[in-house]
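Worksheet: one structure, shown below.
The values are calculated or read from the model by the stated rules, or taken from the named source; none is laboratory data. As the structure is a computational prediction, the values presented were derived from the model and not from experiment. So basically every Cβ, Gly included, is an ideal-geometry build from the backbone, and we count neighbours across all protein chains shown. Remember, those area values only see protein heavy atoms, side chains included, never the ligands or the DNA or RNA. Shrake-Rupley method; radii C 1.70, N 1.55, O 1.52, S 1.80 Å.
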Amino acid sequence: PQKTSFHRSQTLGYKNGFAFSRLPTVGVGGERLYVNQLSQAELDDLSNMRPMLTYGPAKPAPPSGFVPAHVAFDKKILKFDAYFQEDVPLSQQEHYRIRQVGIYYYLEDDSMTVIEPFVDNAGFRQGTLLRRHRVPKNDHGEHYHWKDLNRGMNITMYGRTYRIVDCDRFTQVFLESQGIELNPPEEMVFDPYIEMRRTPMRKYITPSDFDQFKQFLTYDKQVLRFYAIWDDTNNMFGEKRSCIIHYYLADDTVEVQEVYKQNDGKDRFPALMRRQRLPKTFVDKTKNFPSCVIEISDHEVLEWYTAKDFAVGKSTTLLGRTFFIYDCDEFTRNFYRDKFGITDFQPVEIEKKSPEEVPQVIPPYNGFGMLEDSLQNCFSLIPKPPRKDIAKMLENDKKVLRYQVALESPNPEDRKRRFILSYFLSDDMISIYEPPVRNSGIIGGKYLRKTRVAKPGSTTENATYYEPSDLTIGSTIEVFGHRFVITDADEYVLNYMESNAERFPAATLQSLRDHIRPQQVVKEAANSDIPARGISRQELDDLIVQVREELKLHKHLNIDNVRKELLQCDQGGSGILDKGKFLAALESTCVPTNALLVNKLIDLCSCGEDKINYRDFLRALPS
């Protein structure tokens with residue numbers, strides 16, 4: 001009512017000919033307006049406008065670094081201790097159950113989880129009750145935030161109400177730093193049924209002096225152990241066996257177990273006597289009482305075996321078997337010392353006879369395989385190959401001594417068979433090969449594969465094998481029941497033995513020299529170009545041509561038969577025959593020995609008195 005002017009103040013002004021608006025300083029009626037007044041900060045900005053107008057606007061400072069929430073609050077968790085009450089309708093001992101849980105709030109993504117700690121024998125599912133996620137707060141789409149959590153409050157999640165009673169130190173510091181006033185902590189409520197189970201049960205004392213249940217509870221898992229010997233040597237195939245006697249104090253039962261050793265050859269039975277009460281003295285039986293019963297009761301037994309019936313150094317008969325107790329364990333000693341006052345537990349030394357050493361008998365050689373390989377089966381279950389002399393194998397590699405041998409047999413057909421015996425110096429093995437002979441009726445080829453041949457009379461323990469010193473001209477060797485006579489040898493054999501004369505007997509070397517040297521002389525004489533008996537080489541060739549023309553006239557003559565007959569007459573294979581035997585062989589094959597040209601050729605093939613080189617004679621015959 002005191003106002004007399006109701007006009008509005010002018011907000012349009014002119015300066016230097018330009019119109020501009022200005023803020024009103026007074027309102028209707030001339031009342032001063034404080035809203036439109038400049039603040040001190042705006043006045044300071046206006047006072048600093050002059051440098052900006054002169055030098056332009058200043059460069060703004062860079063913004064502070066932005067840290068996202070999942071980095072700033074990584075691994076930062078708020079932990080609240082809570083509980084909830086659960087009804088138990090079907091139990092007479094409890095009507096409700098208190099379950100303690102932990103509520104975890106993850107600051108990085110505002111998620112929550114509820115975990116119940118495990119309790120032994122709880123009987124219900126524990127662990128994670130609510131998986132980690134953002135828990136809805138109401139039906140409007142809102143979620144629980146850490147500002148909604150505090151001590152001493154109820155929180156409802158999915159129809160279950162949790163009572164928060166306390167939090168950890170980190171949660172308390174974080175909430176107080178954010179300006180939240182925390183309620184005082186409350187005491188955790190425990191389940192009354194679990195507390196009742198933790199209270200000790202009432203103990204009842206049995207007034208009876210002896211009670212089997214009391215004995216079981218007092219001596220449960222307490223066993224007396226005795227070490228004994230069962231002497232069964234009076235029976236056939238009996239022996240002394242080590243045993244362990246167990247006496248169970250809980251029910252006065254006895255068990256006997258046998259002590260087995262490694263490789264003793266016995267079946268490992270679980271027990272020699274099963275765990276049972278053993279009778280010591282029976283009641284006097286009547287005549288009509290059966291001697292065999294399934295079970296023995298207290299009515300038939302006057303006295304049972306007890307702990308006082310076992311002692312160290314005494315014998316005890318259990319079910320007809322006598323056991324001598326020679327020692328016991330420490331627990332048994334302490335029990336007898338406290339219960340019966342026995343202090344003498346001196347162990348008895350048992351004489352143990354050392355087993356007789358059985359000599360290893362090597363069986364005779366059966367003839368299969370090599371002797372060294374077969375002998376390894378007697379030394380180990382998995383035989384190993386015998387060791388070889390590597391230095392000898394490298395030194396004598398590919399060095400073979402060859403001999404010509406004849407089979408010694410009562411059969412005339414076998415006596416004509418010739419074999420080649422090869423002795424390998426690298427491993428002292430022998431192989432025999434029979435050259436095939438046409439129309440002989442015998443298939444040639446390999447007669448004996450490469451193997452070591454033992455001498456007759458050698459045993460398995462001391463086996464001796466054939467050596468090069470045993471292979472002399474005319475000697476007989478026995479190869480697996482077959483006897484062979486050495487009739488000839490290769491020139492390499494003589495050269496090798498002469499180069500290593502210190503390793504071979506003189507008799508062996510001399511026999512080879514006496515046999516091979518004459519053959520070398522005859523061979524050199526046959527291959528020489530010196531004319532024989534004053535006939536030139538041209539005359540000799542003309543004579544051979546004339547003899548071949550002469551023999552071609554005899555159509556009934558078979559040159560192959562002549563060659564076979566002469567080879568059969570030469571059993572030694574020396575190429576030299578007696579003149580009489582040579583002429584008889586020619587006459588048996590229808591060779592005209594009375595022809596002049598043939599007689600002249602025979603004279604040219606003679607080498608010494610009454611000796612004919614039939615190989616030179618065969619060269620002159622037509623092929």
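Given axes a ≥ b ≥ c from the Cα gyration tensor, I'd like to know whether segment 70-198 is rounded (a/c under 1.5), prolate (a/b larger than b/c) or oblate. Intermediate values should be presented prior to the final figure.
Details: a/c = 2.02, a/b = 1.74, b/c = 1.16.
Since a/c reaches 1.5 and a/b is larger than b/c, the shape of segment 70-198 is classed as prolate.
Among the aspartates and glutamates, which have Cα under 20 Å from the Cα of residue 564 when same-chain residues fewer than 8 positions away are ignored?
Within the straight-line limit of under 20 Å, residue 564 reaches these aspartates and glutamates: 413, 414, 434, 488, 578, 587, 616.
Among residues other than residue 275 whose Cβ falls under 12 Å from its Cβ, what is the net charge (Lys/Arg +1, Asp/Glu -1)? Don't skip to the end; give the middle numbers.
Details: positive: 274, 277; negative: 251, 252, 255.
With Lys, Arg at +1 and Asp, Glu at -1, the net is -1.
What is the distance, in nm, between label points placed 7 Å from the Cα along the Cα-to-Cβ direction at residue 452 and at residue 240?
It is 4.6 nm.
Work out, step by step, the length gained on full extension between residue 177 and residue 384: first 0.36 nm times the residue separation, then minus their alpha carbon distance; give nm to one decimal.
Values: separation 207, 0.36 × 207 = 74.52 nm, distance 8.39 nm.
Extra length available between residue 177 and residue 384 comes to 66.1 nm.
Given the pairs 240/314; 266/314; 416/579, which are separated by over 18 angstrom at their Cα positions?
266/314; 416/579
Mind listing which trypsin sites (Lys or Arg not before Pro) in segment 88-197 are in a DSSP loop and have 14 or fewer other Cβ atoms within 10 Å?
Sites meeting the loop and neighbour criteria: 125, 134.
So how do 100-106, 263-269, 309-315, 540-546 stack up, highest first, on mean other-Cβ count within 10 Å? Walk me through the numbers on the way to the answer.
On the way: 100-106: 18.9, 263-269: 7.6, 309-315: 15.7, 540-546: 14.1.
Ranked from most to least packed, the peptides come out as 100-106, 309-315, 540-546, 263-269.
When only C-alpha pairs under 8 Å and at least 6 residues apart count, what is the relative contact order of the chain, in percent? Let's see the in-between values first.
On the way: 827 pairs, mean separation 30.8, N = 623.
Over the chain, the number comes to 5 percent.
In the structure displayed, which of 399/450; 203/280; 261/339 lie more than 25 Å apart, Cα to Cα?
Pairs exceeding the cut-off: 203/280; 261/339.
Averaging sequence separations of C-alpha pairs under 8 Å and six or more residues apart, then dividing by the length of segment 398-525, give the relative contact order as a whole percent.
On the way: 202 pairs, mean separation 27.5, N = 128.
About 21 percent, as a whole number.
What nm value, rounded to one decimal, do you get for the distance between residue 469 and residue 306 when each label is placed 7 Å out toward the C-beta?
That separation, rounded to one decimal, is 8.7 nm.
Report the calculated FRET efficiency for residue 391 and residue 610 (r = Cβ-Cβ distance, R0 = 45 Å), to the nearest 0.05. Write out the running numbers ahead of the final one.
Working: r = 52 Å, r/R0 = 1.17.
Plugging the Cβ-Cβ distance into 1/(1 + (r/R0)^6) gives 0.30.
What is the spin-label model distance, in nm, from residue 299 to residue 213 if the labels are put 7 Å beyond Cα along the C-beta direction?
That separation, rounded to one decimal, is 2.7 nm.
To test your reading of the geometry: what angle, between 0 and 90 degrees and rounded to tens, separates the Cα axis of helix 537-552 from the longest principal axis of the chain?
The answer is roughly 90 degrees.
Starting from the Cα-Cα distance between residue 67 and residue 33, subtract it from 0.36 nm times their residue separation and give me the gain in nm to one decimal.
Separation in residues times 0.36 nm, less the Cα-Cα distance, equals 7.9 nm.
With a ≥ b ≥ c the root eigenvalues of the C-alpha gyration tensor of the chain, is it rounded (a/c under 1.5), prolate (a/b larger than b/c) or oblate? Before the final figure, lay out the partial values.
On the way: a/c = 5.42, a/b = 1.81, b/c = 3.00.
Judged from the Cα gyration tensor, the chain comes out oblate (a/c at least 1.5, b/c at or above a/b).
Any idea what angle helix 579-588 forms with the longest principal axis of the chain, computed on alpha-carbon atoms, 0 to 90 degrees, nearest 10?
On a 0 to 90 degree scale, this one is about 80.
Evaluate E = 1/(1 + (r/R0)^6) for residue 45 and residue 147, where r is the Cβ-Cβ distance and R0 equals 30 Å; express this FRET efficiency to the nearest 0.05. Numbers along the way, then the final one.
Values: r = 37 Å, r/R0 = 1.23.
Between residue 45 and residue 147 the formula returns 0.20.
Report the FRET efficiency, 1/(1 + (r/R0)^6), for residue 317 and residue 259, where r is their Cβ-Cβ distance and R0 is 22 Å, rounded to 0.05.
On the way: r = 20 Å, r/R0 = 0.89.
Step by step, r from the Cβ atoms, then E = 0.65.
For a paramagnetic label modelled at 7 Å from the Cα of residue 225 toward its Cβ, which residues of segment 305-334 fall within the zone defined by backbone nitrogen distances under 11 Å?
Within reach of a label on residue 225, which here means backbone N under 11 Å from a point 7 Å along Cα→Cβ, segment 305-334 contributes 328-332.
If the cut-off is 17 Å between C-alpha atoms, which aspartates and glutamates fall inside it for residue 214, apart from same-chain ones fewer than 8 positions away?
251, 252
Classify segment 398-525 as rounded, prolate or oblate from the Cα gyration tensor: take a ≥ b ≥ c as the square roots of its eigenvalues, call it rounded if a/c is under 1.5, otherwise prolate when a/b beats b/c and oblate if not. Can you show the working numbers first?
Details: a/c = 1.72, a/b = 1.06, b/c = 1.62.
Note, shape of segment 398-525 comes out oblate.
Roughly how many whole Å is it from the C-alpha centroid of segment 113-155 to that of segment 320-373?
Between the Cα centres of segment 113-155 and segment 320-373 lies a distance of 69 Å.
Pop out the carbon and sulfur fraction of the accessible area of the chain as a percent, whole number, probe 1.4 Å. Let's see the in-between values first.
On the way: 22880 of 43940 Å².
Reported share for carbon and sulfur atoms: 52 percent.
Relative to the longest principal Cα axis of the chain, at what angle does helix 330-339 sit, 0 to 90 degrees, rounded to 10?
The angle comes out near 60 degrees.
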